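The values are calculated or read from the model by the stated rules, or taken from the named source; none is laboratory data. None of the values given here were measured: they were computed from a predicted structure. Cβ: placed from backbone, ideal geometry, glycine included. Neighbour counts: every protein chain shown.
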Amino acid sequence: MIFAGLFSQAVAHELQPSSLEVRQLTQDRFEVIWRAPIYYKKPHPAKIQLPDQWQTVGKPTIKHLPDSALHRRVVSVPNGKIAGGVIRFIGLEATITDVFARFTWLDGTEATAIARPSQPWLNIVGKRAGWQVAGDYTLLGVDHILSGFDHLTFVLALLLIVSGAKRLLITVTSFTLAHSITLAAATLGVMWVPGPPVEATIALSILFLASELVKVNRGLPSLTAQYPWIVAFVFGLLHGFGFAGALSDVGLPQNEVPLALLMFNVGVELGQLIFIAAVLIFIKALRKVRIQWPDWTQQLPAYGIGSIAAFWFIERVSGF
């Protein structure tokens with residue numbers, strides 16, 4: 001449980017990206033809304049710095065939500081021209097979260113951009129080309145899966161249970177197909193499931209696989225070992241709703257919905273493949289180390305995964 005507690009501290013904020021929306025209200029006025037996620041159970045340390053020529057109209061407001069803070073203000077921009085301006089996020093370089101921005105003009109034109117810890121500012125441009133939008137959402141998908149420790153822990157448990165390259169390929173493909181279906185359905189508004197119950201149930205799915213891994217290590221019958229693609233598909237549907245939660249936080253450009261949704265999913269799959277390759281390489285290297293491990297160490301991964309999943313479940317249920 002000590003390990004689970006330490007691990008949970010690293011993911012308590014769930015690493016959700018921040019979002020910025022700049023929407024034109026009149027010819028020279030814009031609404032600026034910045035959603036700053038809770039960071040390690042504290043307010044996000046980054047501060048937004050708008051261009052000097054943008055003058056705030058009225059008093060800025062802050063609305064505190066369970067998982068974030070909404071910073072809202074209305075600004076007056078000379079001649080209504082925001083292109084060429086630079087928005088900075090002071091302190092973002094000391095975090096591990098991105099800021100996904102969308103700019104919307106009165107005529108419906110939209111543009112997107114991403115600020116990262118390595119580049120904590122946004123250069124405002126006009127409407128972006130399709131390949132630029134595709135690149136942004138692909139990177140967003142990769143970032144989300146590689147920082148989504150619960151999803152990666154689920155995939156890790158599958159890798160440890162399933163034997164054989166062919167069976168592993170079918171299992172991963174089944175998981176991919178399933179979460180792609182619910183990701184699309186939830187993002188497009190066809191289906192909706194409350195976020196907190198989904199996150200808690202995802203933790204339970206990991207706990208289930210941990211118990212299955214214990215059975216496999218003991219040579220006992222296991223549903224997942226016998227029918228891994230079925231288990232992966234069923235739980236993949238659930239994990240798709242979890243992916244949709246992150247995408248709904250930043251939204252989709254209305255004129256690029258199919259492309260953005262597709263490329264976000266591609267990014268998720270690329271990140272997943274990177275993780276799988278890294279784990280397989282690590283396991284192969286570990287097997288080459290000529291050490292006589294005690295028998296009890298065989299169960300360490302299963303009990304470690306199970307402890308983390310149990311902690312996540314209790315933490316998420318208590319947050320309802």
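Return yes or no: is THR97 surrounded by fewer than 14 Cβ atoms within 10 Å (Cβ to Cβ), within 29 Å of the chain's Cα centre (by Cα) and within 16 Å of LEU20 (Cβ to Cβ)? No; evaluated as a whole, the condition is false for this residue. Condition (residue is out of contact with any Phe, Trp or Tyr (no Cβ under 9 Å at 6 or more places or on another chain) and more than 16 Å from ALA157 (Cα to Cα)) applied to region 304-313: is it met by at least one residue? Taking every residue of region 304-313 in turn, at least one turns out to be out of contact with any Phe, Trp or Tyr (no Cβ under 9 Å at 6 or more places or on another chain) and more than 16 Å from ALA157 (Cα to Cα).
A Cβ distance below 9 Å, combined with a sequence gap of six or more or placement on separate chains, defines the contacts here; from region 105-119, residues that are over 21 Å from ASN79 (Cα atoms) reach residues that are assigned to a strand (DSSP E or B) and among the polar types (S, T, N, Q) in the pairs ALA113/ASN123; ALA115/SER18. For GLY5, the criteria (1) farther than 24 Å from ALA260 by Cα; (2) at pLDDT 90 or above hold in every case but one, which is (2).
The residue that is surrounded by the fewest Cβ atoms within 10 Å (Cβ to Cβ), among those in region 299-320 that are in a helix (DSSP H, G or I) and at pLDDT below 90, is SER318. Quick one: ILE87 ticks every box in (1) touching a helix residue (DSSP H, G or I) at 6+ places or on another chain (Cβ under 9 Å); (2) of a type in the set (A, V, I, L, M); (3) surrounded by 22 or more Cβ atoms within 10 Å (Cβ to Cβ) except a single one, so which number is it? The number of the failed condition is (1).
In summary, strands (runs of 3 or more DSSP E) completely within region 58-118 and bearing 3 or more residues that are closer than 14 Å to VAL32 by Cα and modelled with pLDDT of 85 or more occur at 68-76, 86-90, 99-104. Considering each of ILE170, ILE230, ILE206, ILE181 in turn, give the residue that is out of contact with any Cys (no Cβ under 9 Å at 6 or more places or on another chain), of a type in the set (Val, Ile, Thr) and crowded, with 18+ Cβ neighbours inside 10 Å. It is ILE206.
Selection of region 42-57 for residues being assigned to a loop (DSSP other than H, G, I, E, B) and within 28 Å of VAL317 (Cβ to Cβ) yields PRO43, HIS44. Of the numbered criteria (1) modelled with pLDDT of 85 or more; (2) buried (at least 17 other Cβ atoms within 10 Å of the Cβ), the one GLU14 fails is (1).
Residue-by-condition table, conditions (1) among the small types (Gly, Ala, Ser); (2) touching a Gly at 6+ places or on another chain (Cβ under 8 Å); (3) in contact (Cβ under 8 Å) with a residue 12 or more places away in the chain:
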{"site": "TRP54", "(1), (2), (3)": "no, yes, yes"}
{"site": "HIS64", "(1), (2), (3)": "no, no, no"}
{"site": "ALA69", "(1), (2), (3)": "yes, no, yes"}
{"site": "VAL74", "(1), (2), (3)": "no, yes, yes"}
{"site": "ALA83", "(1), (2), (3)": "yes, yes, yes"}
{"site": "LEU92", "(1), (2), (3)": "no, no, yes"}
{"site": "ASP98", "(1), (2), (3)": "no, no, yes"}
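Here LEU247, LEU252, LEU262 are screened, and the one residue that is at pLDDT 80 or above and on the phi < 0 side of the Ramachandran plot is LEU262.
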